[in-house]
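The numbers here are math on the coordinates, done by the rules we state, and not lab data. Given the structure is predicted, the values throughout are model-derived calculations rather than measurements. Reconstructed Cβ throughout: ideal geometry from the backbone, glycine too, with neighbour counts over all protein chains shown.
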Amino acid sequence: MKLIVGNFKMNLSYYEIEKYIDFFKEKDYSNVFFAPSSIYLQKFVDAGLYAVAQDVSAYEVGAYTGDVAAFQLKNLGVNYSIVGHSERRKYYHDDELVNKKIIRLLEQEMKPILCIGENKEERDNKKYLEVIEKEIKDAFNNIQKEYLKDIIIAYEPIWSIGTGVIPTNEEIEEVIGYIKKYVKEKYEFDIKVLYGGSVNNKCIETLEKIENVDGYLVGGCSLKYEEFENLINNIH
Ligand code: 13P
């Protein structure tokens, strides 16, 4: 079964979250995960839903105002965290922190969902495979092979995030195939790769024809619970 992760980003009020949880809590979607703002993670866990952090501190513990540590997430019952989302790379210089963040998560036996993907210019200049390879290499740096197995990759081309512009199936298949091959050859394990970028109910039927995708990281379409449930039911 494919993994489906809803990334709410910095959206939804407390009351909207309560309604959202009410809608999903009695349903039995074992492959659906929710990534709300960190202040709401506990509510998802308490409702028996799978919660994913949107980010984690690069540091273990201590004087890092505003950060949330991996051990604190783990204590809440959160076992997954997104790392290196392109919005964090863009606004918070996360490129340099991704490797440390992954290490913090693995120390807690948590699973990182590592986001990688090229921007429009890199795509147009046919540099996208280089970009992807570098992002993986930097993220996996100095981590022993046995621990890397817990990492999931989300391929999110930046030019597709929030734009409604979706790559062709061939374009997605090429990159996912490349990631899987590269990781297998260099790090010797089979990595799961999700696709993210404007996934919605209009394009899902087409995306579902892609052979090598292991799931989806969904932004906008996960914000309305009914729309998200429709999407879930369209994924096999
Ligand atoms: P959209 O689905 O809104 O394009 O966002 C994708 C994303 O960034 C998920 O992490």
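Inverting the mean 1/r over all pairs of different Cα atoms, compute the Kirkwood radius of segment 1-118 and quote it in Å.
In segment 1-118 this quantity evaluates to 14.7 Å.
Would you be so kind as to identify which of Ile151, Gly219, Ile176 lies farthest towards the positive end of the dipole of the chain, taking Lys and Arg as +1 and Asp and Glu as -1 on Cβ and the Cα centre as origin?
With unit charges placed on the Cβ atoms, the residue in question is Ile151.
Before rounding to the nearest 500, sum -39500 (n - 2.57) across all DSSP H runs of length at least 4 in the chain and divide by the residue total; then give [θ] at 222 nm in deg cm²/dmol.
-11500 deg cm²/dmol
Quote the convex hull volume per residue of segment 60-110, based on C-alpha atoms, as a whole number of Å³.
Output value, Cα hull per residue: 81 Å³.
Projected onto the charge dipole of the chain (+1 at Lys/Arg Cβ, -1 at Asp/Glu Cβ, origin at the Cα centre), which of Tyr50, Ser30, Gly164 gives the Cα projection farthest towards the positive end?
The listed residue farthest towards the positive side: Tyr50.
For segment 46-146, give the magnitude of the charge dipole about the Cα centre (Cβ charges: +1 Lys/Arg, -1 Asp/Glu; no others), in debye to the nearest 20.
Roughly 100 debye, rounded to the nearest 20.
Please state the charge dipole magnitude for segment 151-236, taken about the Cα centre, from unit charges on C-beta atoms (+1 on K and R, -1 on D and E), reported in debye and rounded to the nearest 20.
With Lys and Arg at +1 and Asp and Glu at -1, about 180 debye.
Work out the charge dipole of segment 73-160 with +1 on the Cβ of Lys and Arg and -1 on the Cβ of Asp and Glu about the Cα centre, then indicate which of Asn119, Ile132, Ser81 is farthest towards its positive end.
Selected residue: Ser81.
Can you list which of the GluC sites (Glu not before Pro) found in segment 1-48 are DSSP loop residues with at most 13 other C-beta atoms within 10 Å?
Passing both the DSSP loop test and the Cβ count: Glu26.
For segment 138-222, what Kirkwood radius comes out of the mean inverse Cα-Cα distance, in Å?
That comes to 13.6 Å for segment 138-222.
How many percent of Cα pairs in the chain exceed 24 Å?
42 percent
For a quick check of your reading of the filter: which trypsin sites (Lys or Arg not before Pro) in segment 94-176 sit in a DSSP loop and have no more than 16 other Cβ atoms within 10 Å?
Of the trypsin sites (Lys or Arg not before Pro), the ones in loops of segment 94-176 whose Cβ has at most 16 other Cβ atoms within 10 Å are Lys126, Lys127, Lys149.
Over 21 Å between Cα atoms, which of Lys74/Lys111; Lys202/Lys224; Lys19/Lys224; Lys90/Lys180; Lys127/Lys180 qualify?
From the list (Lys74/Lys111; Lys202/Lys224; Lys19/Lys224; Lys90/Lys180; Lys127/Lys180), the Cα-Cα distance tops 21 Å for Lys90/Lys180.
If you look at just the Cα atoms of segment 58-166, how large are its Rg and its Dmax in Å?
14.6, 45
When the dipole is taken about the Cα centre of the chain, and only Lys, Arg (+1) and Asp, Glu (-1) are charged at their Cβ, what size is it in debye, to the nearest 20?
240 debye
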